[in-house]
Amino acid sequence: MQLELKDLRLFLLIAQTGSLTRASEQSHLSLAATSARIKALEEQAGMPLLIREARGVRLSPPGEAFLHHARAMLEQTRQLQADLQEYGAGLRGHVRVFANTTAVTEFMPDILAAYLMQHPHISVDLQERPNAHIAHDIREGRADLGIIAGEVDTHGLTSLHFSTDRLVLVTPDTPAWRSHQQLAFAQVLHEHFVGMHRHSTLQTFLDQIGQQLGHTLRLRIQLSNFDAMCRMVAAGVGVAVVPESAALRHRSQSPLHHVQLQDAWAVRPRYMLLREGQTPSPHVQALMDAIQAYHLPQHAPQAGAATAG
């Protein structure tokens with residue numbers, strides 16, 4: 001097929017609006033021109049991509065497949081333009097990484113600091129995303145590498161396990177809490193919680209767990225990082241669920257107690273995600289190697305050590 005980017009963008013607008021008329025208006029085209037372009041696409045495809053209805057249009061099954069690939073092609077074009085601009089500014093490569101809260105706040109800063117020093121002509125775009133969104137975005141080609149914790153649908157993806165993430169409950173270091181070494185999350189839902197900011201992947205996950213158990217978490221304050229959360233817990237504001245690495249790091253600095261959560265979801269394998277069939281570029285592979293090396297046994301978290309799980 002001979003495809004033009006302007007036609008892919010037009011098809012995307014039609015899919016979003018469900019209307020040839022509205023897509024024409026947003027594209028500054030006549031309705032006749034829009035219809036002609038879509039007809040030409042359908043002739044190339046050899047099948048209808050749209051189902052015409054009285055109140056608009058919807059995608060046919062082949063149209064859904066076409067939309068999936070059109071989005072990926074447009075995203076790859078956008079990334080190509082961004083990469084070329086960076087080459088013009090003296091950079092030789094760009095890596096886009098989508099990761100969950102723990103990765104973004106706990107271990108990726110250390111890894112990326114060393115990686116960027118070793119690769120001065122590479123730039124990195126690190127963005128926080130929910131696990132399910134990361135898998136979807138990697139599938140769609142919106143990022144080069146995804147980092148998730150837990151189980152997600154990996155259809156159309158290649159996943160590489162590199163470590164295990166354990167979530168624990170941190171509490172004030174009081175006699176009442178010191179009597180508990182293990183608890184189920186359901187046993188503490190009546191407590192006041194110190195949480196992550198509302199858009200964080202971890203907070204979204206915990207809110208969902210609470211709802212499944214029939215409760216809304218009683219959040220007293222929401223913060224942007226685990227360090228601040230641990231300080232609030234030490235001050236007696238409430239309890240919090242954090243990565244074990246953060247709890248261990250603060251145990252020697254603040255009056256904290258940490259309780260193992262008995263729930264199966266508290267132990268979450270971590271994976272790097274690539275599109276299925278994708279061969280990572282040399283600079284993406286170098287970053288993947290750095291992530292794996294960071295999580296070798298010598299980096300296992302210990303009390304008082306500023307390392308991440």
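The values are calculated or read from the model by the stated rules, or taken from the named source; none is laboratory data. What you see is a predicted model, and the numbers here were worked out from it, not measured in a lab. As a convention, Cβ positions derive from the backbone with ideal geometry for all residues, glycine included, and neighbour counts pool all protein chains shown.
Annotation note: Cβ proximity below 6 Å between a residue of the stretch 163-175 that is basic (Lys, Arg) and a residue that is crowded, with 20+ Cβ neighbours inside 10 Å and modelled with pLDDT under 95 (sequence gap 6+ or interchain) occurs for Arg166/Glu244. Ala33 passes all but one of (1) part of a helix (DSSP H, G or I); (2) of a type in the set (A, V, I, L, M); (3) touching a residue at least 12 places away in the same chain (Cβ under 8 Å); which number fails? Of the numbered conditions (1) part of a helix (DSSP H, G or I); (2) of a type in the set (A, V, I, L, M); (3) touching a residue at least 12 places away in the same chain (Cβ under 8 Å), the odd one out for Ala33 is (3). You will find that of Arg96, Arg71, the residue that is in the same structural domain as Pro280 (by TED's automatic domain parsing), in contact (Cβ under 8 Å) with a residue 24 or more places away in the chain and surrounded by 13 or more Cβ atoms within 10 Å (Cβ to Cβ) is Arg96 and no other.
When the residues of the stretch 194-218 are narrowed to those that are part of a loop (DSSP other than H, G, I, E, B) and under 21 Å from the mean Cα position of the chain (by Cα), which ends up farthest from Ala132 (Cα to Cα)? First the steps, then the outcome.
Step one: of the stretch 194-218, the residues part of a loop (DSSP other than H, G, I, E, B) are 197-200, 213-217.
From the residues that got through so far, the ones that are under 21 Å from the mean Cα position of the chain (by Cα) too are 197-200.
Details: His197: 18, Arg198: 17, His199: 14, Ser200: 13 Å.
Going through the qualifying residues, I end up with His197.
Scan the stretch 152-162 residue by residue and report those that are over 28 Å from Gln253 (Cβ atoms) and either touching a residue at least 40 places away in the same chain (Cβ under 8 Å) or of a type in the set (D, E, K, R) (or both). I'd like the intermediate steps shown before the answer.
From the stretch 152-162, those over 28 Å from Gln253 (Cβ atoms) are 152-161; that's our starting set.
The answer is Asp153, Thr154, Gly156, Leu157, Thr158, Ser159, Leu160, His161.
Taking first residues from the stretch 219-241 that are outside any helix (DSSP H, G or I) and partners that are among the hydroxyl-bearing types (Ser, Thr, Tyr), the Cβ contacts under 7 Å between residues at least 6 apart in sequence or on separate chains come to Asn225/Thr105; Val239/Thr171. Look at (1) touching a strand residue (DSSP E or B) at 6+ places or on another chain (Cβ under 7 Å); (2) in a loop (DSSP other than H, G, I, E, B); (3) not assigned by TED's automatic domain parsing to the domain that holds Ala234 and you find that Arg142 fails only one, number (1). Of the candidates Val241, Val267, Val188, Val194, the single residue that is more than 25 Å from Ile147 (Cβ to Cβ) and of a type in the set (Val, Ile, Thr) is Val188. The residue that is surrounded by the fewest Cβ atoms within 10 Å (Cβ to Cβ), among those in the stretch 125-159 that are acidic (Asp, Glu) and within 14 Å of Glu276 (Cα to Cα), is Asp153. Residues that are in contact with a His (Cβ under 7 Å, 6 or more places away or on another chain) and not in a loop (DSSP other than H, G, I, E, B) were ranked within the stretch 101-124; the one that is surrounded by the fewest Cβ atoms within 10 Å (Cβ to Cβ) is Ser123.
Is it the case that Gln208 is among the polar types (S, T, N, Q), farther than 17 Å from Thr105 by Cβ and out of contact with any strand residue (DSSP E or B) (no Cβ under 9 Å at 6 or more places or on another chain)?
On the way: among the polar types (S, T, N, Q): yes; farther than 17 Å from Thr105 by Cβ: yes; out of contact with any strand residue (DSSP E or B) (no Cβ under 9 Å at 6 or more places or on another chain): yes.
For Gln208, the condition - among the polar types (S, T, N, Q), farther than 17 Å from Thr105 by Cβ and out of contact with any strand residue (DSSP E or B) (no Cβ under 9 Å at 6 or more places or on another chain) - is met.
Being surrounded by 19 or more Cβ atoms within 10 Å (Cβ to Cβ) and of a type outside the set (Gly, Ala, Ser) holds for only one residue in Leu20, Leu29, and it is Leu20. All but one of (1) under 24 Å from Arg268 (Cβ atoms); (2) assigned to a loop (DSSP other than H, G, I, E, B) hold for His136; which doesn't? Exception for His136: condition (2). Restricting the first member to the stretch 187-211 and to residues that are among the basic types (Lys, Arg), and the second to residues that are in a strand (DSSP E or B) and surrounded by 14 or more Cβ atoms within 10 Å (Cβ to Cβ), the beta-carbon pairs closer than 9 Å and six or more apart or on different chains are Arg198/Leu219; Arg198/Gln222. Of the residues contained in the stretch 243-258, none is found to be surrounded by fewer than 22 Cβ atoms within 10 Å (Cβ to Cβ), modelled with pLDDT of 95 or more and farther than 30 Å from His119 by Cβ.
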